[in-house]
Structure formats: C-alpha cells, structure tokens
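Novice: First, the structure itself, so that you have it in front of you.
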Amino acid sequence: MTTALYWYFRDLYWCLSVAAHKRPAHRLTEGSVQHPDRVFRAVHIHAPRLLQWLAEVTTGRQDRPVPLEEFRREHRLLDLDIAPIVAHCEERGWLRAFEDQDGETAAVLLACGAEAASRMWEELANTAAVARYTQDAVLRWCPAQGQPGNIAAFRREAHSYFHGRQLSPHEVGGALGYLARHGLVTCTGADFHGAGGSMVELTDDGLACLQHGQSVADHLRDLRRAREAAPAKAASVYNNTFLQPVHQPQIGDSPVQHNQISNFAPARDLPDLLRELGPGLGLTADNLTELRRAADELTVLQRADEPDPARWRRVVGSLGRALRTAPDSVGARLLLALTQQGLDNVGQFLPRH
C-alpha cells in the first residue's frame, strides 16, 4: 500500500509541476529526508540507465558536458530521485557532475563510466549473464517473503531490473524453474511461465547458498565438485577405517591378520562426513534434511560434558533409517557402518579429552 501511494503521489506531483510550467530544483536541500527503500529503488533502476544514456549521447565526445534535464524528463524523475542517482554514479567514478552557468545539473562521462556502460550492454545482450543475475535475484528475494511467496510480487521489486532493464516474465520463470530443478526452492500452485508453480518457498539448500554468501552458480559448482569427490573420499575413509589390517599377537611363527572395525578417529568424524558425503548419496529432500539435522545434533552431543547415551542412540537410529533409503554406494555403506558402530558402542563417537 505504501509503495502504491508513493507512485500515485509522485505522478500527481509530476503532472502538477508540468501544468504549472515548474520543475523542482536539482539539488536536495540539507536535511532532506528520503525513505531508504525509495532511494535504493531509484538508484538500482536508474543509475545504470543514466550511465548508458550518457554514454550514448556523448559517443565520440566523452569530455562534453551534458545537461541531465532531458534524462530526468524522459524518465519522469523528481529531484528526490535524481540527486542520489547522480551521487551514486559519481561515487562509482562513472561521471563528474556539476552545475553549469544556468544552474542546471550537468555531467561529464569519465573513462571508467564508458567502460562500465560497455560492460552493461554486453551483459544485457548475453542471455547467460541475464539468467545468472535473475537466478541470484529471485533467490535473494525469497527470504523477505511470506513462506511461500508469490513470484508475481518479485517483478515489483527493484531487483527485477538488470542494468536498468526490467526482467521479462519469461526470464523470471526460467530462473525460477532452474532454482526448483536444483533443489534451491520449491514451487507450488498455478504455473508461472513454465516454472511449475507461482508460490515459491526456500529450501535448506537455498538457505545454505544465501548464508554462505554465494551466487547460485558458485553454490551449484561447489555441490557438483563435492559429489564428484565423494566416492573417492568415501572409499578412502572406508578402506582406512574398516579394511585396515590389524596385527594380532603371533601364534607360533605365523602372524594372524583380520579386518575389523577399529575404534579410531573416523567414527568420531561422523557429523562432518554426513555433511560432506550426504549431498552425493541420492537421498530425497526430506531424508537429506533429516541427515543434516542428525549431523547437527550429533555435533551438539559431542560437545556436551556428559552426553546422554539414550539420546545418542535415538539420533543415530533415526540417521540409520534415513541412510537405508539411499541407493547403494561406498559413501552410503561407510555412513551406515559408522551409524551401526554408534548403536553398538556409543563411546566410539565421544571425543578424546
């Protein structure tokens, strides 16, 4: 409601200003108060537009001062909007603004600004770059919404603009479908441009991506590398833990060897192994969530001064049930063997003080 009122009164003020052949001064008076959301929206949307417009009108003559009144009128901006936009561009080193002889705000495009405008045009023409931005923007939008949130609301946000251009419903739907296919969000309800649903909810994987401060592309790349490394990691730990020859006292002249489950470090490393190998086990989303919760609870129990054995067995038993749903693999066998160890001998999981 607040946003709608802002746009209504802004347009009303513009119309009255034009009708009276007046326009507001270009400089904000000291102490002017603006809502942070309003400033952010104006800067995020219009700073790239101003830079690209300035690069276009100064082609071949970048040192030429350009009055900004035409840009302000073209985009129906008030002084409350244009002042922070110009300030943002100056802070980025894109332009130098000043007042000309008539008291008008003018700007000179700087070399850094010309390069930035060129990069923006290249990225706007690159469908992969647009897709990456849209994926990140939609994922960042999710936590601020009610769970689940309607994706239609995203296109009213400032982040639905990429370098000054509003993302199309098709681009938003494509990004949303991509996030859903990779388990970062879930989509329910009516379809939204092929995404499978318009009501969006963040998953644990999506939340982890945001908490780590990663882009969607970097997060999925790290997950892929972890899955690729998981079989070798699991095989190495499994062999060292369960297949290591253990020398027994000699009987006669022949040493006796056999494979046994030894009581050493990997058993106590179960929580870390669950987090590292879990994503590559092929578990359902619910079972993977259960596995992660168990890993967190085991970590808490390990740090307790006097861990409760009954609680240990309950957590490890729940963990074993989740792991038994995984397709057969070295990683699944390793984790199942360690959970069985936990049921047989809780002491093996306790840290050595």
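The values are calculated or read from the model by the stated rules, or taken from the named source; none is laboratory data. Quick caveat, the model's predicted, so the values are computed rather than measured. A quick note on method: Cβ atoms are made from the backbone with ideal geometry, for glycine too, and the neighbour counts reach across all protein chains shown. These accessible areas exclude ligands, DNA and RNA; they are computed on the full protein's heavy atoms, side chains included. Shrake-Rupley method; radii C 1.70, N 1.55, O 1.52, S 1.80 Å.
Novice: Give me the one-decimal nm value for the distance between modelled label points at Val300 and Ala217, 7 Å along each residue's Cα-to-Cβ direction.
Specialist: 3.8
Novice: Further question: Ordering His219, His159 from largest to smallest accessible area (1.4 angstrom probe), what's the sequence?
Specialist: His159, His219
Novice: In the full protein assembly as shown, how much of Thr325 is accessible to a 1.4 Å probe, in Å² to the nearest 10?
Specialist: Its accessible surface works out to 80 Å², give or take rounding.
Novice: Can you pull the three principal axis extents for the Cα set of the stretch 42-91, in Å, largest first?
Specialist: Per principal axis, max minus min of the Cα coordinates gives 30, 23, 15 Å.
Novice: In what sequence, largest accessible area first, do Phe98, Phe71 appear using a 1.4 Å probe?
Specialist: Details: Phe98 60, Phe71 0 Å².
If we order Phe98, Phe71 from most to least accessible, we get Phe98, Phe71.
Novice: Grab the other residues whose beta carbon is less than 13 angstrom from that of Leu207, score K and R as +1, D and E as -1, and report the net.
Specialist: -1
Novice: Could you please report the charge total around Ile151, scoring K, R as +1 and D, E as -1 over all other residues with beta-carbon less than 14 angstrom from its beta-carbon?
Specialist: Computed value for this residue: -1.
Novice: Heavy atoms only, probe 1.4 angstrom, no DNA, RNA or ligands counted: give me Asp305, Asp136 ranked by accessible area, highest first.
Specialist: Asp305, Asp136
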